[in-house]
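Heads up: the structure comes next, in structure tokens.
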Amino acid sequence: MNRTMLGARTPPIRSAAEVAVMRRAGRVVAEMHEAIRAAIAPGVSTAALDRIGRDVLDRRGARSNFLGYHGYPAVICASPNDVIVHGIPAEDVVLAEGDIVSIDCGAVVDGWHGDAAFTAPVGTVAEEAHRLIAVSEAALAAAVATMVDGGRVGDIGHTVSEVVEAGGFSVVREYTGHGIGRAMHEAPAVPNHGRRGTGLHLRPGNVLAVEPMVNAGGPGTEVLEDGWSVVTADGSWSAHAEHTIAVTPDGPEILTRA
Ligand code: MF3
Ligand code: CO
């Protein structure tokens, strides 16, 4: 984030050619999601899911934007149950029937970044867990729909919190979505709460990563001793949904969709 960007009235504008490269990065992320989603099952370690992500990156000749980010040791974040985001994959974190797990990953193609996350059930899960995931996805979808020419960054956050709170859940405030382009995290921050009609103006060529983090209980967060894993303060479960989205003259385009 730099001062110039903070003062801008719109996030950076990407050319159609630049968005086309980001679309290729987004496709790689979508392919990682598909491969990892298919592997999620009781008895599978989150380290195994990370290897699947690495295989897709290798196959597509893409680079990981997660690996080495402030020393981060993996190409995905795998965040089970009460872990909100930034869970580190490990051989001894083994998924169990009834768990949920959030998978966040990204890819860089020709210098341009994609970033997206989803939450999946592990085997058969409680009705409440299904609803938590569904609400995180609905909040993301509703927020994406506001990303039209003339929309505002505040519309995104307002919409996320409206959907989440109507579902009886709470929105994490300490972590936000972000601009994305030549770096994974660029200005502006894209909070998951806010006021409609406020904030930067969206224009065609803006590309943002929108990522609601939805807690079943209260909104509070804590970071574990590993320095990465963000967990709910009250131990309640949490779901995360994220896409990289371009504002186009024809409306929002999700770049990280399969
Ligand atoms: N997608 C995550 C986010 O936007 C980035 C994770 S950074 C990593 O917050 F280092 F944990 F990989
Ligand atoms: Co992100």
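The condition of being small (Gly, Ala, Ser) and in contact with a helix residue (DSSP H, G or I) (Cβ under 8 Å, 6 or more places away or on another chain) holds for Ala142. Applying the set (1) part of a helix (DSSP H, G or I); (2) buried (at least 16 other Cβ atoms within 10 Å of the Cβ); (3) within 16 Å of the chain's Cα centre (by Cα) to Gly106 leaves exactly one unmet item: (1).
Only a single criterion out of (1) in contact with a Pro (Cβ under 9 Å, 6 or more places away or on another chain); (2) touching a residue at least 24 places away in the same chain (Cβ under 8 Å); (3) farther than 19 Å from Leu140 by Cβ; (4) more than 16 Å from ligand 2 (Cβ to nearest atom) is not satisfied by Ala233, namely (2). The residues in segment 140-165 that are at negative phi, assigned to a loop (DSSP other than H, G, I, E, B) and open to solvent by less than 50 Å² (accessible area, probe 1.4 Å) can be counted, and the count is 3. Taking the criterion of being in a strand (DSSP E or B) and either within 12 Å of ligand 1 (Cβ to nearest atom) or aromatic (Phe, Trp, Tyr) (or both), the residues of segment 224-248 that qualify are Val230, His240, Glu242, His243, Thr244.
Does His86 count as in contact with a strand residue (DSSP E or B) (Cβ under 8 Å, 6 or more places away or on another chain), open to solvent by 50 Å² or more (accessible area, probe 1.4 Å) and within 16 Å of ligand 1 (Cβ to nearest atom)? Answer is yes for this residue. The set of residues in segment 166-187 being over 16 Å from Glu242 (Cα atoms) and either assigned to a strand (DSSP E or B) or within 13 Å of ligand 2 (Cβ to nearest atom) (or both) consists of Ser170, Ala183, Ala187.
The values are calculated or read from the model by the stated rules, or taken from the named source; none is laboratory data. This structure is a prediction, so every number in the text was calculated from the model and none was measured. Cβ: placed from backbone, ideal geometry, glycine included. Neighbour counts: every protein chain shown. Surface areas here come from the heavy atoms of the whole protein model, side chains and all, with no ligands, DNA or RNA. Shrake-Rupley method; radii C 1.70, N 1.55, O 1.52, S 1.80 Å.
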